[in-house]
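Can you read through this structure? Questions will come right after.
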Amino acid sequence: MFDEVIEYAESLLNKDGKEYNVNDVLDKAVGLFLDSSRANEKAQIAQHGANHHSFIERNLARWEGDFDKLHLFYITAQEAGVVF
């Protein structure tokens, strides 16, 4: 992805016909990357939330009984810690 952004930034700078250096390419690439991120921000956040929710659901379905045992172990450890 980053290589593509760098190449695109270089192509835009080549169109101007002026000389440029690595810093010019990086500045242009950072601007392009930030613009793209801002334009897709809501969709990316929604996708991340959906992925996270799916991950939690899959883990709960797979490890439900074991999570209950883990929580019971945690409660027991807390109660034992209070005694000592």
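Quick check: anything in segment 54-61 at pLDDT below 90 and either open to solvent by less than 80 Å² (accessible area, probe 1.4 Å) or outside any helix (DSSP H, G or I) (or both)?
no
Now for a different question. Within segment 71-84, track down each residue that is open to solvent by 100 Å² or more (accessible area, probe 1.4 Å), at pLDDT 90 or above and aliphatic (A, V, I, L, M).
Residue satisfying the conditions is 72 alone.
From the list 14, 40, which residue is more than 28 Å from the chain's Cα centre (by Cα) and surrounded by 10 or more Cβ atoms within 10 Å (Cβ to Cβ)?
The conditions single out 14.
Within the set of pairs 6+ apart or on separate chains, which have a first residue in segment 1-28 that is part of a loop (DSSP other than H, G, I, E, B), a second that is surrounded by 12 or more Cβ atoms within 10 Å (Cβ to Cβ) and modelled with pLDDT of 80 or more, and C-beta atoms under 7 Å apart?
If the second residue must be surrounded by 12 or more Cβ atoms within 10 Å (Cβ to Cβ) and modelled with pLDDT of 80 or more, the pairs left are 20/13.
Quick test for you: out of 50, 77, pick the one residue that is under 14 Å from the mean Cα position of the chain (by Cα), over 23 Å from residue 4 (Cβ atoms) and without any contact (Cβ under 8 Å) to a residue 40 or more places away in the chain.
One residue alone meets the criteria, 50.
The values are calculated or read from the model by the stated rules, or taken from the named source; none is laboratory data. Please read these numbers as outputs of a predicted model, since none were measured by experiment. Positions of Cβ are generated from backbone atoms using ideal geometry, with glycine treated the same way; all protein chains shown enter the neighbour counts. To get the accessible areas, we keep the full protein, side chains included, count just its heavy atoms, and leave off ligands, DNA and RNA. Shrake-Rupley method; radii C 1.70, N 1.55, O 1.52, S 1.80 Å.
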